[in-house]
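Structure first, then comments.
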Amino acid sequence: MTVLRVIAVLLTGFFVGLTLEGIARKIMARVQRRYGPPWYQNFIDVFKALSKRGISHGWIFDFGILMALGGVIATLAFVPLGDLVAFPGLDNIFIIVYLFAVGALGMAMGMVGSGNPNASIGVARALTQMLGYEVPYLVAIAGVLYYYKTSSVSGLMMAQQDTWTLFKMPIGGIVAFISLLGMLGKKPFDTPIAPAEIASGPMVELSAKYMGLLMLMHTFSIFVEISLFVDIFLGISNYLTFLLKFTVVWIIATLISAVLPRFRIEQVVKFYWKVPLSLAFVQVLFVLLGWVF
Amino acid sequence: MISLTNLILVFLIGSIVSYLLTKANKILGSIFNFLLISYALYVVWNIKVGHEEVLFRILRDVERTLKVTNLGKYFAIVSLIVISFVAFFIIEWIRKKDIKPAAFNSFLLLMVSGILGVFFSNDLLTLYIFWEIAVLGSFLIVPMGKKESKRAAIIYVVTSAIGSYMYLFATFSIYQRYGILSFEQVSQYLANDSSNLFKWFVILFIASAGIAKSGIFPLHTWLRITHGNAPDAFSAVLSGQLVKMGSYVLAIALSVFPTTQLFSSFYHGVPLLNYVLIWLGNISILIGTFMAIRQNDMKQLIAFSSIANGGYILVGLGIMNSIGYAGGLFHVFNHAIAAAMIFLSFAAVVYRTGTTKIDEMGGLIWRMPWTFVTYLVGIISLAGIPPTSGFISKWMIFSSLVSKGMFITLAITFIGSVGSFLYVFRPLAGVFLGQLKRKHSDVKEVPIIMLVPMLLFVILTILIGVYPKPVLDSIVSIENEVGIKAIEHSGTIIKTPLGQWNTLTVFTMFSVGFIIAAILYMIFPKGKKVDLTDQYTGGEYLYNYDLYHYATGFYRFIERLYDKHPSFEKLYEKLVSFFRYIGYFTYKLVYKTSPSGYVFWITIVILILFWVRW
Amino acid sequence: MSTNERSIWEKIADQLRSKSLWMLHYCTGCGAIELPPSMTSRFDMERFGMGPMATPRQADILFITGYLSAKTLRRVIYTYEQMPEPKYVIGFGSCTLNGGIYYDSYATINRLDYYIPVDLYIAGCMPRPEALLEAFNELMRMIRKGEANGWKRYKENYEWYKQNQLRSLGEVFIHDEFHE
Amino acid sequence: MTNSMNNTIERLKSIIRNLKVEEIDEREVKIEIKPEMVLNALSLLKGSGYSHLSIITAVDWIEENKFELVYILFSWNDGGKFIVSTKIDRKKAKFVTVKHLWPIARYYERELHEFFGISFEGNDDMRPLFLENWDDLPPLRKDFDPMEYSKKKFPDREYHKDVIHEAKVIRGDLNG
């Protein structure tokens, strides 16, 4: 039974993720008053990339990509999508956040294994950015956990009987959304993948098949991050309302990223530890004092 | 099976035997070492808890006893595992030219005898005696490292002396007040002792020995120099095991003398003393993490990470609820194994390349793949990433902190754990990945004898990561012994009031994900293998690929944010020079060159004596 | 394998490849200034699935936009060989066709497909974005038909190309004081 | 011409007898000197504020069998520009370096050596600067024929029929 649910979760992640990325490119185009590619463009890109004959830099390069994709698939399996929960009792918030690090470490190791300094600079930036957005995110989430006294994601979702956690703890919601932008690697925070400065950062030596696998990994990781946000902050939802909320959050994130230029890496860390971290502590103070709407 | 006292005696004699044996033949001596230590591990493994032995009698009415407690047995097993693996590693490593093998082996055995005594002593004075033996053993080995290790040894001994003398002061004040020294009696007397100030003084001073030894905030400066410069294999023992003696004393100070009953709850059930210690742990996590990100010498980098992980253990132990305490103890196991594993892989790298500077190396994975695998699994466990055991202890500490609602500590532990991704990745990218330097192109993999312990460590970490039952069982028995509500776990599922997770499903799901990725990888056309110098260089031709490696100033953009950070080493050095100046001043004052000066001072002293009339 | 006899997988793959061409962000001559207008709102290259990629490892298509000096040709050859198969080349303007207005210069080449296989030429002394889009659609049609296999020609008579390159350039991998 | 430039010229006239001065613009003056007097003229100009050597270039007078070396100096304090030119023999094509006055001259002279074949004693760094693997006459000399080099090095596209003639007919220039 769990196998069926896991397959369902993975397929949702694949199809919904890629279509939403196509829609995001369409929105970005419309913001720039362009016609924009069809919504299924990302499917074509992924399969085209997979069908080409690329180059590999040795066994650590391949192992890194496999570990990255495997890690993110494993993380996705644990994330509850609305009421579709693959492992009912075991979806602990810290597991998902730290299993996600397996994917990040795998990719980082594979890319630096290619031997290109652009990749190492990109990975160093990615890890720094992770240090930046991870701390406020986890503090805000810890406030929610403390309030609801449970750390299982589906439990958190179920606990929002009366109103959404977003309305209960607005500041926590804002902090989580800002860190979400950092996690997605969208425009304001895409310093690690800056195509102009470091030739698309870690992906500099990724040729055909590996580029395709990494695009899949990127889609799954986007799916994991946003579904975490939706589950915790946007109230109870069955499978369809979950996808609806997911799309709304995704569109807002795309709109923000369509208009903002790219941060420098010091600014990212300084920003995350000035504004969101202090907001997170304010929110946590409110939770301790019990001032929750 | 011989009794504990005989085991310790065997080790003391063994150190002399091994000295002679190693003088005769290096390999034989180290093999003898390894056999003796693994025999000790075997003895300790199946010793019965509660087994008592009388050692000898110094003070009139109080006899020195060795008593096997769950806590002591757990720490002893962890330490002996680390030391036996390192001893096996040393068999091949001892051939290195610049250390004196005979002295090395004998002092190693001396240190192990000290360690055995520390973990099984039943009262404060015996613990102190064996503590000093262990410190003596390690103190004599440290200067055999690089040229700066002489100074490092002195700093190491001075800081650990500060800790142990405060501990001794507390022991004697207890003895002077109650006349007893064994742990149970002391905890009873303390429980119904009235003066709060005395309790505070005793527990803090006893804990100070732990603070000094495990490198917590005020006394953490020795770790960088000593680990950085000690002989490579020994720094694995130093950080893997000796730091754990400090954690043992901290565990005693916090749990054997039940701080929760002694003091009133200050914040959500955490007494004020624990809260102060937790904050010391927090500061050392911050210092360890941010200083480790800056280091360019890989051994000093992991030394700073030992400070951070020592802070983790203290935070875990300080919380004193069932999950937090279990998290702290489990982290003792994880950090011991992970730090030893990482230092062994560094010893292997130094054995082959001779340098510990990260930017002088690169691309060693293509020549030393197994050392890379050891280092990789080591950092995955150190950084606390799920498939390995490192994550379990961090998860426990996080959930206990959340349930206690201590959010600033939580934020700092998050900084520590995410920061550990950063600093563990720096040597991975600088030393193992990236471009292989031409001068390292003929570097070979380390001999098989050095590889065996490293790969055993890898298997052990992953095994415990997937099936943590044995460690969790011993932690449950410790918690029952110490009187904390034990955590409930069944096989691979760990339950906490906040939530539960199953290590087995995480591992199977991870391998399923890996297989899916592998299938996708197989289906599509195979990539053409390209060697390391065929890179995208922006269309330009490069012939010297040594320069095409990014390792110096790996996180320069964060380091710039805190370049003017307060350095405690400089503070202590100023203190030292201040005292030296005072000494010099009095020396100048008293020792006049002319005889009349002496006569003058002698008369002064005689007058004072008469006035006081003794 | 003759040009138009392809396995079923190849046919599907060609359909996909034609719909999503990633161009290499590498501009060699004066025609590069035609690319931004064809990407932005008026002509919008992205609706055909085309977008700029920073590294040759990910790019499918290499534009030689305008005159090509001998020095740049060395870098173009090196980048071309770094691109994964199947790869396509489009020559912009008359300079790649027959040397254009620099036909008598000592530094620029007169015929591009003498050195690397070119699938498509666009005439004009810098064609306007409309001509570019027309060329892109033409290339997509060729890919779908399986006619755009310059890279196969390059692989098959690799010796001929190499020998031409050495004849004009002396040596492709330069050794001088700037490349120690 | 600004008066500061005037007195610079007076000083120049004092050391050089028949100095040909040609005023091009309000702040721009061209002077022509014999090759042996160039060095002291340049050092004098550098002394009187002309610290910026914009460029050293050469003109190939093939009929007079002469190379004309042109030094363009610029002064930051009074904005004046001096163009010092001298003619040296084309066959020997040798001159003395001014590297000691302006370090940048080292690269200009290296470029002149590559493109004109003029060698400068005192400047030993005569390696190729821009052209890679150049094996023919220095290209900017008048007696070098770029068309013939281009035909030799870079093969042309053979057209089977005369395309240009056909294009002219289409455009109606010829009534073919």
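Any read-out appearing in this document is the output of simple, stated calculations on the displayed coordinates, not a laboratory observation. From a predicted model like this one, the values you see are computed outputs, not experimental measurements. For neighbour counting, all protein chains shown are included, and Cβ atoms are generated from backbone atoms with ideal geometry for every residue, glycine included.
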Which semi-axes, in whole Å and largest first, does the equivalent ellipsoid of the stretch B:400-451 have when worked out from the alpha carbon gyration tensor as the square roots of 5 times its eigenvalues? 40, 15, 5
Expected integer from the mean partner chain Cβ neighbour count at 10 Å over B:408-420 is 5
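Per the Kirkwood definition applied to all pairs of different Cα atoms, how many angstroms is the hydrodynamic radius of the stretch C:8-169?
Values: mean 1/r = 0.0630 Å⁻¹.
The Cα-based Kirkwood calculation yields 15.9 Å.
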Grab the other residues whose beta carbon is less than 14 angstrom from that of residue A:76, score K and R as +1, D and E as -1, and report the net. -2
Hey, got the dipole for the stretch A:1-92? About the Cα centre, +1 on K and R Cβ, -1 on D and E Cβ, debye to the nearest 20? 620
Over every pair of different alpha-carbon atoms in chain A, take the mean of 1/r and invert it; report that Kirkwood radius in Å. 19.5
Looks like the stretch B:298-397, by Cα gyration tensor root eigenvalues a ≥ b ≥ c and the a/c under 1.5 rounded cutoff (else prolate when a/b is bigger than b/c, oblate otherwise), is prolate
Just counting partner chain Cβ atoms within 10 Å, what average do the residues of peptide B:502-508 show around their Cβ? 4
Can you give the FRET efficiency for residue C:11 and residue C:156, using 1/(1 + (r/R0)^6), R0 = 22 Å, r = Cβ-Cβ distance, to the nearest 0.05? 0.60
Three-way shape call for the stretch B:568-612 based on the alpha-carbon gyration tensor, with the a/c threshold at 1.5: oblate
With unit charges on the beta carbon (Lys/Arg positive, Asp/Glu negative), name the residue among C:158, C:116, C:139 whose Cα is farthest towards the positive pole of the charge dipole of the stretch C:94-166. C:158
Where does the longest stretch of chain B lie that holds no trypsin sites (Lys or Arg not before Pro) found in a DSSP loop with 14 or fewer other Cβ atoms within 10 Å? B:148-443
In terms of Cα to Cα distance under 26 Å, which lysines are near enough to residue D:46, apart from those fewer than 8 places away along the same chain? D:13, D:20, D:30, D:34, D:81, D:87, D:94, D:99
How shielded is C:80-93 by partner chains, expressed as the average number of their Cβ atoms within 10 Å of its Cβ atoms? 3
Provide the packing ranking of B:247-256, B:234-243, i.e. peptides ordered by the mean count of other C-beta atoms within 10 Å per residue, highest first. B:234-243, B:247-256
Expressed in nm², what is the orientationally averaged projection area of the convex hull enclosing the Cα positions of the stretch D:97-136? 2.7
Per 10 angstrom bin, beginning at 0 and ending with the bin that holds the maximum distance, the Cα pairs of the protein assembly as shown fall in percents of 2, 8, 14, 17, 16, 13, 11, 9, 6, 3, 1, 0, 0, 0, 0
If you count, for each residue, the other Cβ atoms within 10 Å and average over each peptide, how do B:266-276, B:452-462 line up from highest to lowest? B:452-462, B:266-276
DSSP-assigned coil residues among GluC sites (Glu not before Pro) in the stretch C:5-109, each with at most 10 further Cβ atoms within 10 Å: C:5
Taking N as its residue count, the alpha carbon Rg of chain D over 2.2 N^0.38 Å: 1.41
Convex hull of the stretch B:477-554 built on C-alpha atoms - directionally averaged projected area, nm²: 12.1
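Using 23 Å as the Cα-Cα cut-off, could you pick out the over-long pairs in C:145/D:161; A:209/B:529; B:146/B:574; A:52/B:528?
In this structure, C:145/D:161; B:146/B:574 exceed 23 Å between Cα atoms.
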How far apart, in nanometres, would the label points at residue B:185 and residue D:61 be if each is projected 7 angstrom from Cα along the Cα-to-Cβ direction? 11.7
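Test of the criteria: in the stretch D:1-96, which GluC sites (Glu not before Pro) are in a DSSP loop and have at most 12 other Cβ atoms within 10 angstrom of their Cβ?
When the GluC sites (Glu not before Pro) of the stretch D:1-96 are filtered for loop state and at most 12 Cβ neighbours within 10 Å, D:26, D:63, D:64 remain.
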If the label point is 7 Å along Cα→Cβ of residue B:534, which residues in the stretch C:130-164 have backbone nitrogen under 20 Å from it? C:150-163
Environment charge of residue B:301, counting only residues whose C-beta is closer than 10 Å and scoring Lys/Arg +1, Asp/Glu -1: +3
Quick check on chain B: take the gyration tensor over C-alpha atoms, sort the square-rooted eigenvalues as a ≥ b ≥ c, and tell me if it's rounded (a/c under 1.5), prolate or oblate. prolate
Given unit charges at Cβ for Lys, Arg (+) and Asp, Glu (-), the dipole magnitude of the protein assembly as shown about its Cα centre in debye, nearest 20, is 1980
What is the local net charge at residue B:410, summed over the other residues whose Cβ is closer than 12 Å to its Cβ (Lys, Arg +1; Asp, Glu -1)? +2
Sequence-distant lysines (8 or more away, or on other chains) whose Cα lies within less than 20 Å of residue C:71: C:162, D:151, D:152, D:153
How far apart, in nm, are the 7 Å Cα→Cβ label points at residue A:162 and residue C:147? 7.2
Please state the Cα pair-distance histogram of the stretch A:196-293 with 5 angstrom bins from zero: what percent is in each bin? 2, 9, 11, 14, 20, 19, 13, 7, 3, 2, 1
With +1 on each Lys and Arg Cβ and -1 on each Asp and Glu Cβ, how big is the dipole of the stretch B:4-511 about its Cα centre, in debye rounded to the nearest 20? 1300
Relative to the longest principal axis of the C-alpha atoms of chain A, give the angle of the C-alpha long axis of helix A:239-259, reported between 0 and 90° and rounded to the nearest 10°. 60
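Quick one: which of B:150/B:357; B:357/B:570; B:299/B:439 span more than 28 angstrom between C-alpha atoms?
none
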Quick one: longest stretch of chain C between exposed loop chymotrypsin sites (Phe, Trp or Tyr not before Pro), exposed meaning at most 14 other C-beta atoms within 10 Å and loop per DSSP? C:1-172
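Could you list the square roots of 5 times each eigenvalue of the Cα gyration tensor of the stretch A:44-202, that is, the equivalent ellipsoid semi-axes, sorted largest first and rounded to whole Å?
After diagonalising the Cα gyration tensor, the semi-axes are 33, 19, 14 Å.
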Rg/Rh ratio calculated on Cα atoms of the stretch A:243-285 (Kirkwood radius): 1.11
